[in-house]
Amino acid sequence: MPSADASTAAPTPASAAGWTETTVSTRKASIPEGLWLRCPTCEKMIYRKQMEANLHVCPLCDHHFRIGAVERLAQLMDEDSFEPLFTNLRCADPLEFVDRKPYPDRIREEQRRTGMNEGAQAGLGFIKGRRVAVCALDLTFMMGSMGSVVGEILTRTIETATERDLPLVVTSCSGGARMQESTLSLMQMAKTSAALARYDDAGGLFISVLTDPTTGGVTASFAMLGDVILAEPKALIGFAGPRVIKQTIRQDLPDGFQRSEYLQETGFVDRVVHRAQLRNEIARLIDYAGK
C-alpha cells in the first residue's frame, strides 16, 4: 500500500482551523510575559501596569505588594525634591565571611542585580511641602538586612536631621541583621538607637513607617522607637517568626498575630495607614507637632 502524502493525510485540528504549528508558536511568543500577575491575597489575575499605577496595591483587594527603596521614595517625596545623601559608602569584609560564596562576591552580585550600592537609600526632600530627612530600607538588596553600611547610612541620616532640626521619616522593611557581618551587624542596633536618643533630646520628631516585612534586629531597635509608629495594612512585624514562637512556647497564636492590625490593637503601632494615604498622614503629623 502506498504511504499517505501531504495531500491525502488526515488534517490535524490545527491545520483544520487554518493554523500551523509555526502560527501557534508565533502567537504565543507575541504575548509579552509579565503583563499579568496573581494577587497572593484575593488570588485574582490583575494587570501589572494597573497595579503599579495604583502604588503597587491590588486594585481588587488592597493587598500591598512589597516595593524597593527607589519606588518607596518616589511615592513619598514631592516630585524632583529628593536629594540623595551618603551614596559613596561601601561595605568591607573584616570577617572574611564565606557561606556558599565569599561575602564580597555576594555584595557585587546584589549590586549588579539591583543597581543599588547597599540596602538603604537616604536623603533630604519634601513631603507635601514639608522638608524632611528620610531613609528607606531596600528589601530588594539582601532582603533589606542591616549591616554596617545600612546602620551607618541610617545613623548619618538621624544626625543630619538633628543638626538641621528636621523631622525624620524612616521606612523599614527588613529580614533583620545581616548574618555575614555577625556582631558588627548587631552593633548597628545600639548605634542607631543611640543616635535616635540624641535626636529625641534635641526635640526631633521621628515617624517610623513599618512595611512588610519588618523583622529581626530592625524591629528590636530603631523601627519601634518612633514618636509615632505607622504601619501598612497586613504587614508582618516582629522579632522571631510566628512559627519559631509557636514551637518555643508550644501554644497556638492569636489570629493575625504579628500583623500590623494586631499590633495596633495591642498598642505597639499607632495607626495602620493605606499606602495611598501615607503622604497625607505624615504631613498631618508634622504639622501637628509643629515641626
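Do any helices (runs of 4 or more DSSP H) lying entirely in segment 239-291 carry at least 1 residues that are more than 30 Å from G129 (Cβ to Cβ) and not acidic (D, E), and which ones are they?
By residue number, 242-249, 260-265.
Taking interchain pairs and intrachain pairs at least six residues apart, which have beta carbon atoms under 6 angstrom, with the first residue in segment 178-194 and assigned by TED's automatic domain parsing to the domain that holds V218 and the second outside any helix (DSSP H, G or I) and among the aromatic types (F, W, Y)?
Q180/F97
Quick one: T162 ticks every box in (1) part of a helix (DSSP H, G or I); (2) out of contact with any Lys or Arg (no Cβ under 8 Å at 6 or more places or on another chain); (3) not aliphatic (A, V, I, L, M) bar one, so which box is it?
T162 satisfies every listed condition except (2).
So, in segment 159-177, of the ones that are free of Cβ contacts under 8 Å to residues at least 60 places away in the same chain and aliphatic (A, V, I, L, M), which residue ends up farthest from R279 (Cα to Cα)?
A177
Go through (1) over 24 Å from E163 (Cα atoms); (2) out of contact with any Leu (no Cβ under 8 Å at 6 or more places or on another chain) and name the single condition E118 misses.
So E118 meets the others, but not (2).
For K44, state whether it is within 20 Å of the chain's Cα centre (by Cα) and over 25 Å from V134 (Cα atoms).
When the stated conditions are applied, K44 does not pass them.
What is the one condition in (1) buried (at least 17 other Cβ atoms within 10 Å of the Cβ); (2) outside any loop (DSSP other than H, G, I, E, B) that A197 does not satisfy?
(1) is the only condition that A197 fails.
Quick one: which of A122, A194 is in contact with a Cys (Cβ under 9 Å, 6 or more places away or on another chain) and among the small types (G, A, S)?
Of the residues listed, the single one that is in contact with a Cys (Cβ under 9 Å, 6 or more places away or on another chain) and among the small types (G, A, S) is A122.
Restricting the first residue to segment 252-275 and requiring it to be of a type in the set (A, V, I, L, M, F, W, C), which pairs with a second residue that is part of a helix (DSSP H, G or I) and modelled with pLDDT of 95 or more meet a Cβ separation below 8 Å and a spacing of at least six or different chains?
Here the result reads F268/M224; V269/S260; V269/L263; V272/S260; V272/E261; V272/Q264; V273/E281, each pair linking segment 252-275 to a residue that is part of a helix (DSSP H, G or I) and modelled with pLDDT of 95 or more.
Out of F86, F82, which single residue is assigned by TED's automatic domain parsing to the domain that holds L184, within 15 Å of G151 (Cβ to Cβ) and hydrophobic (A, V, I, L, M, F, W, C)?
F86
Filtering segment 173-230 down to residues that are within 20 Å of E118 (Cα to Cα), of a type in the set (D, E, K, R) and out of contact with any strand residue (DSSP E or B) (no Cβ under 7 Å at 6 or more places or on another chain), which residue is modelled with the highest pLDDT?
This residue is K191.
The values are calculated or read from the model by the stated rules, or taken from the named source; none is laboratory data. As the structure is a computational prediction, the values presented were derived from the model and not from experiment. As a convention, Cβ positions derive from the backbone with ideal geometry for all residues, glycine included, and neighbour counts pool all protein chains shown.
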